[in-house]
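Below you'll find the structure, written out as structure tokens, and then a few comments.
The values are calculated or read from the model by the stated rules, or taken from the named source; none is laboratory data. Because the structure is a prediction, the values reported are computed rather than measured. No Cβ is skipped: glycine too gets one built from the backbone with ideal geometry, and neighbour counts run over all protein chains shown.
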Amino acid sequence: MLLSGLLALNPFAPAPHAPLTASAVVASVDGCRIFGSVFLETDPRRKGQCFGVVYLEPEEAFADVLIYPETNKLFADKAGLWYLADSPHFADYALFVTDNRNLADFSIHYTKVRSYAGCRKQ
């Protein structure tokens, strides 16, 4: 009886996985959680290697995140404070810059005031 109970549990069988259905939703990137060193990629051939897609919003009122570009990587320690890296190899995040707002995960706008940096209140 003990042997049949162990065989029923079968710890060596692979775990069943759910098939891909229409209910599986791909989550979008939250721009409010990105800080630190960021590399902005513009080459469409490297889009697949990027963490997310971003749109540079010309108007501050419509941007999801206001970005203050830091000159020191150590000071880029909260949302909206980005140190713009020269290479994707030395960056915490690589983001692809698109010119189509509909294809972007979120939009950004640069600000000159450090205290304005961060997420817009929704």
Of the residues in segment 77-116, those that are crowded, with 16+ Cβ neighbours inside 10 Å, out of contact with any Pro (no Cβ under 9 Å at 6 or more places or on another chain) and of a type in the set (A, V, I, L, M) come to Ala79, Ala85, Ala91, Leu95, Val97, Ala104, Ile108
Restricting attention to segment 27-69, report how many residues are outside any loop (DSSP other than H, G, I, E, B) and either within 19 Å of His89 (Cβ to Cβ) or among the β-branched types (Val, Ile, Thr) (or both).
16
Counting just the residues of segment 11-39 that are under 13 Å from Phe106 (Cβ atoms) and surrounded by 18 or more Cβ atoms within 10 Å (Cβ to Cβ), which one comes out modelled with the lowest pLDDT?
Gly31
Given the conditions (1) under 18 Å from Asp30 (Cα atoms); (2) in contact (Cβ under 8 Å) with a residue 40 or more places away in the chain, which single one is not true for Gly48?
(2)
Within segment 92-122, tally of residues that are more than 15 Å from Ser37 (Cα to Cα) and acidic (Asp, Glu)
2
Can you find a residue that is among the β-branched types (Val, Ile, Thr), outside any helix (DSSP H, G or I) and under 16 Å from the mean Cα position of the chain (by Cα) anywhere in segment 87-106?
yes
Only unsatisfied item for Ala91, checking (1) hydrophobic (A, V, I, L, M, F, W, C); (2) farther than 17 Å from Gly118 by Cβ; (3) touching a Lys or Arg at 6+ places or on another chain (Cβ under 9 Å), is (3)
